[in-house]
Amino acid sequence: LQGVAAVAMMFMLLHILQTDAAERSELDSDLRSALREEQFALHYQPQLDSNGQVVGAEVLIRWQHPQRGLVSPAEFIGRAEKTGLIIPIGRWVLRQTCAQLRAWQDHPACRDLRLAVNISQNQLRQSSFVPEVLAMIEEYGIDARCLELELTETLIVQDVDDLTRKMAKLVERGVSFSLDDFGTGFSSLSHLKRLPLSTLKIDRSFICDLPADSSSETIVRTVIALGQSMGMTVIAEGVETEAQHRFLVDHGCTQFQGYLFSKPLPLPAFMTFIGNTVQARGAVA
Ligand code: C2E
Ligand code: MG
Ligand code: MG
Ligand code: MG
């Protein structure tokens with residue numbers, strides 16, 4: 001009987017593995033057709049300064065799947081990174097972002113808006129990455145100071161010399177860099193000092209327990225002080241409550257992003273949001 005059970009178990013496991021593999025390859029082929037059939041879209045999550053003025057947005061990819069509906073990046077970015085599809089997808093995101101910046105640069109109200117794009121490790125590892133970004137900036141004729149690239153700490157433990165060189169070439173042209181999800185990885189302070197980063201983004205996991213949790217408070221205060229002392233802008237992500245916002249303002253954080261202000265929005269809604277905040281400030285003044 002034990003033998004039978006063992007064999008049954010083996011078949012079950014095999015079935016699960018096969019189903020997994022089948023689902024993965026379906027996802028892969030769906031991702032490939034998504035690129036061809038332009039099923040991706042960009043959403044924009046406003047980033048505000050302490051006066052409530054929108055300084056820019058983080059660009060977040062969305063996938064409108066013909067059967068599954070809107071799929072979040074959490075469900076496909078990891079897989080796209082493994083298969084290498086992140087390269088063409090990331091290129092598409094950058095191109096769309098440059099086109100958007102181009103469109104804004106002729107409008108006085110939008111001219112200074114900065115867009116922050118998430119960059120995956122394997123994108124930056126490509127030797128063609130820097131020349132490609134530089135070429136896009138030229139092609140669209142955009143002010144490179146409006147383009148920010150978000151890197152994560154996992155990316156930085158790689159070849160730091162190579163990374164520093166690549167970043168420096170883009171910084172020289174005016175592009176800025178931020179360190180995303182700060183505090184969740186293992187970046188050493190010496191890397192932080194060496195890399196030409198202009199912004200630290202405090203991860204949502206430290207913000208969500210503010211202000212009740214004393215260890216989160218300590219971490220957040222320390223990160224803000226660290227950023228300030230290194231001359232970096234500190235931005236808090238995932239700000240959801242007034243109490244969190246107040247704590248951050250009181251401790252010197254100067255930029256904010258989160259559901260308290262707005263979820264990531266499709267372009268028309270983002271434009272309306274900018275219009276409304278401009279109006280609200282006008283009413284206050
Ligand atoms: P991320 O770069 O850390 O982006 C912030 C995530 O937090 C976004 O999730 C955003 O919708 C969410 N968020 C913002 N404010 C709040 C809040 O107040 N509360 C809560 N609960 N969540 C908030 P999203 O859009 O699902 O993206 C998830 C991750 O996928 C991103 O994390 C980023 O790592 C990756 N990603 C998104 N777009 C791209 C892309 O174009 N390229 C690459 N390589 N990765 C991307
Ligand atoms: Mg990000
Ligand atoms: Mg983040
Ligand atoms: Mg995060």
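At-a-glance table
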read-out: Residue-by-residue Karplus 3J(HN,Hα) for the stretch 257-262, coefficients 6.51, -1.76, 1.60, Hz, glycine and proline x; value: 8, x, 4, 3, 9, 5
read-out: Value at 222 nm in deg cm²/dmol, rounded to 500, when DSSP H runs of n ≥ 4 in the chain each add -39,500 (n - 2.57); value: -16500 deg cm²/dmol
read-out: Length-normalised contact order for the chain - Cα pairs under 8 Å, 6+ apart - percent; value: 17
read-out: Approximate spin-label separation Val278-Glu139, in nm, with each point projected 7 Å along Cα-to-Cβ; value: 2.9
read-out: Distance in nm between pseudo-label sites at Ser127 and Asp209 (7 Å out along the Cβ direction from Cα); value: 4.6
read-out: Rg(Cα)/(2.2 N^0.38 Å) for the stretch 34-77, N = residue count; value: 1.49
read-out: Inter-probe distance in nm under a simple model that places probes 7 Å from Cα toward Cβ, at Arg68 and Thr164; value: 4.1
read-out: Across Lys82/Lys201; Lys201/Lys263; Lys82/Lys193, pairs whose alpha-carbon gap is larger than 28 Å; value: Lys82/Lys193
read-out: Summed side-chain charge close to Gly185 - residues other than Gly185 whose Cβ falls under 11 Å, Lys, Arg +1, Asp, Glu -1; value: -4
read-out: Stokes-Einstein D in µm²/s, Kirkwood radius over Cα pairs - the stretch 57-166 at 20 °C with 1.002 mPa s viscosity; value: 142
read-out: Largest to smallest principal axis extent of the C-alpha atoms in the stretch 181-285, angstrom; value: 44, 33, 27
read-out: Compactness of the chain - radius of gyration and Dmax, Cα, Å; value: 21.2, 81
read-out: HN-Hα J in Hz across the stretch 52-62 - Karplus 6.51, -1.76, 1.60, θ = phi - 60°, x for Gly and Pro; value: x, 7, 6, 9, x, 8, 8, 8, 10, 6, 10
read-out: The stretch 49-198: relative contact order in percent, alpha carbon pairs under 8 Å with at least 6 residues between; value: 20
read-out: Phi to ³J(HN,Hα) by Karplus 6.51 cos²θ - 1.76 cosθ + 1.60 over the stretch 268-278, Hz, x for Gly, Pro; value: x, 5, 5, 4, 4, 4, 4, x, 5, 5, 4
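Every read-out reported here was derived from the displayed coordinates using simple, explicitly stated rules and does not represent laboratory data. Quantities reported herein were computed from a predicted structural model and do not represent experimental measurements. Reconstructed Cβ throughout: ideal geometry from the backbone, glycine too, with neighbour counts over all protein chains shown.
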